[in-house]
Amino acid sequence: MEKSRKDSKSPQNNGSGDDQGAYLILRNAGRWSDIFRLTPPGEAVIGRASSNQVVIRSDRASRQHAKISWSGQRWQIEDLESRNGTFLNGQKLEKSHSLSNSDQIEVAGFAITFANRIEGGIGEPVVSTGSSAQATDDQITMDVDATNITDRRRRSAYLHGRPETASTTAPSRQLLQLAFDLARCDELDQAVDRTLRSLSQQTPLDTAGVYVWQKSSAAKSLADIPLLATRQTGHRSYRRPPEPLVHSLTSEEGEAILARNVIGDGQLATENSRGEIDVESVIVAPIRDHRRQLLGMIHLTSCIGGQPLSGNDLEYTVAACEILAEALGRLSDQRRLSRSLKQSQRQIKALQQRLGDKVQIVGSSKPIADVVQQVGLAAPTNATVLIRGESGVGKELVAAAIHHSSGRRNGPLVCLNCAALSPTLLESELFGHEKGAFTGATERKQGKFEAADGGTLMLDEIGEMGAEIQAKFLRVLEGHPFERVGGQTAIKVDVRVVAATNRDLQAMVRDGSFRQDLYYRLHVVEILVPPLRQRDKDCLLLADFFLHQFNREMGRKISGFTETAKKMLVNYSWPGNIRELKNVIERAVVLNMKGEIDASDLVLSPAVEQGPIDPLSPTGTEQSLAEIEKQHIERVLRHTEGNKSRAASILGIERSTLDRKLKKYTEK
């Protein structure tokens with residue numbers, strides 16, 4: 001045996017199987033496999049005695065149960081007068097028998113496969129057919145003799161509590177340190193380098209390679225697996241493992257493998273530049289996360305003349321792979337979250353830019369500067385705000401500015417127009433309803449108060465709210481919980497209310513159509529938004545703002561307004577306020593085929609012209625429609641310096657119609 005062992009030290013490429021080498025493959029209760037390499041003219045004794053090459057710790061096994069030996073250019077098996085017999089392919093052995101590829105040997109209830117070659121990987125595991133096949137790790141073992149390949153494992157005893165195979169605490173301390181180190185790594189390369197360093201400190205490796213890939217399915221060939229990092233402790237350079245070894249590892253049930261005495265075996269090691277296989281032992285271990293997804297593998301080798309890799313080294317490598325797998329999963333999650341965060345930040349920035357156009361208060365006049373100042377003072381507080389102003393002045397814009405300038409900016413901004421809904425629907429919209437609360441309530445609905453929890457609720461046209469809903473609304477403003485329509489569960493929310501109206505709430509309180517206590521609750525802070533006609537030349541700033549906005553949205557390149565158009569914009573009283581101005585500019589941009597907007601491109605609405613009258617004052621309702629029309633026609637004629645054709649074009653009427661109206665006004 002000594003001579004045989006010495007001869008086996010000669011590096012040669014016998015991967016083709018010309019030396020008549022063979023393998024014994026044992027499966028341990030579906031957990032791991034031992035693979036024993038047979039090299040002629042050697043032998044392997046199977047039995048309970050610890051001096052055997054294959055040790056089976058079972059009461060059914062004899063101390064020396066069976067022997068496999070090389071004889072007459074063939075491998076043969078014989079029973080060594082065991083108590084319970086040796087079986088070959090289901091038949092009890094009565095005498096020595098030659099072995100053929102895939103023969104099934106059964107000893108003490110445990111199945112062993114005899115294989116001439118390792119094809120398609122390490123081979124399919126064989127399950128015992130005996131009644132005592134529930135083996136433990138102590139029942140099937142092997143000596144540390146260089147005539148075998150050992151231990152195909154999934155999990156390490158160091159991490160999963162088999163103290164009998166992990167008796168020393170030093171590796172456990174090193175693995176704990178590795179876990180802490182990898183937890184602090186922010187980059188993949190750092191984690192792999194720290195793992196290689198730990199392996200080189202704890203195992204007698206000569207070369208090491210780490211393969212990592214991010215694929216949802218296992219690699220089909222070695223070429224699919226990227227080599228991320230290598231390490232050498234001696235003079236030998238790193239070489240990739242052969243395909244059969246990789247294939248066995250990357251299969252769905254692939255396990256870690258320790259192979260010893262692999263000198264000259266081309267299926268377990270790769271030859272060097274001289275065509276020699278100078279590897280003494282090999283470990284390949286998969287890097288799998290807790291979901292069993294394959295992330296990569298670690299490959300270790302030891303050289304001839306050095307200390308071979310052992311079962312403890314396999315345990316340590318498997319444990320290191322498990323720790324590395326969790327670190328890789330964490331880094332992958334971090335990269336995915338980082339990409340998602342950056343994408344979200346880009347989207348938020350784009351939305352903020354778009355939203356900025358909508359919440360930006362444009363103007364340099366004294367009245368609008370006062371509004372901006374009041375917004376700045378009111379926004380940081382939780383005070384209820386009442387915004388008053390004519391229709392179209394931008395009350396919702398002011399409410400949005402209050403929200404986005406407050407500490408609730410990250411919460412929702414929910415808007416509701418109270419005038420657009422009947423009292424029943426308004427109550428449902430505000431407070432929500434339960435399924436079956438009324439006809440058409442087919443499912444539970446969340447109200448605006450719930451939707452705005454943690455943010456701001458903007459209620460436009462608050463003066464249109466009915467008396468019954470006013471009472472319920474007041475209770476919520478005072479901090480009381482509410483119930484959905486048809487519900488009995490009390491709901492409490494944290495909402496700031498901003499109300500808006502174009503009506504005179506004080507007059508409504510006097511005539512009894514609006515609750516006085518609700519008015520006082522809403523009137524904590526009042527912001528009066530001035531009409532556009534009271535904002536000097538803000539209309540030109542707003543016109544430029546809308547022109548740039550529509551240029552961007554429609555892909556136009558209109559440079560600005562002619563002086564005539566600017567004069568027309570300034571002189572017009574804008575009864576529809578900013579909403580009307582925006583619509584006028586949008587129409588001019590859509591229909592304009594020139595580089596500038598001229599007065600002829602501006603279509604105003606004389607029929608609703610109100611002049612410089614505050615509609616919140618009772619005097620604004622004391623003019624007849626004919627008087628308003630007359631004032632506007634006179635204003636347009638002054639603007640056109642008496643040019644009736646141009647005035648008629650601006651007014652949107654025929655020249656003859658203008659003449660008749662002027663004649664009527666003169667006769668009066």
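The values are calculated or read from the model by the stated rules, or taken from the named source; none is laboratory data. Predicted, not measured: the structure shown is a model, and the values here were computed from it. We place every Cβ from the backbone using ideal geometry, glycine too, and count neighbours over all the protein chains shown. For accessibility, only protein heavy atoms count, side chains too; no ligands or nucleic acids. Shrake-Rupley method; radii C 1.70, N 1.55, O 1.52, S 1.80 Å.
Rg and Dmax of the range 412-526, using alpha carbons, in Å: what are they?
Rg then Dmax for the range 412-526, in Å: 13.8, 41.
Out of the total accessible area of the range 446-527 (probe 1.4 Å, heavy atoms of protein only), what percent is carbon and sulfur?
41 percent
Assuming 0.36 nm per residue, please report the length gained on full extension of the stretch Gln470 to Ser200 beyond their Cα-Cα distance.
Here the segment from Gln470 to Ser200 would lengthen by 89.5 nm.
Where in the range 433-536 are there trypsin sites (Lys or Arg not before Pro) that are in a DSSP coil and have at most 15 other Cβ atoms within 10 angstrom of their Cβ?
Counting only loop positions with at most 15 other Cβ atoms within 10 Å, the trypsin sites (Lys or Arg not before Pro) in the range 433-536 are Lys435, Arg444, Lys492.
Treat each spin label as a single point 7 Å out from the Cα along the C-beta direction, and report the Asp504 to Asn410 distance in nm.
Label-label distance for Asp504 and Asn410, simple model: 4.5 nm.
Using a Förster distance of 41 Å, how high is the FRET efficiency between Leu176 and Glu276, based on the Cβ-Cβ distance and rounded to 0.05?
Using R0 = 41 Å, I get an efficiency of 0.55.
Suppose R0 equals 56 Å; then what is the FRET efficiency for Ala49 and Leu337 from their Cβ-Cβ distance, rounded to the nearest 0.05?
Efficiency for this residue pair is about 0.50.
Filter Lys349/Lys492; Lys557/Lys582; Lys395/Lys630; Lys395/Lys557 down to the pairs with a C-alpha to C-alpha distance above 23 Å, please.
Lys349/Lys492; Lys395/Lys630; Lys395/Lys557
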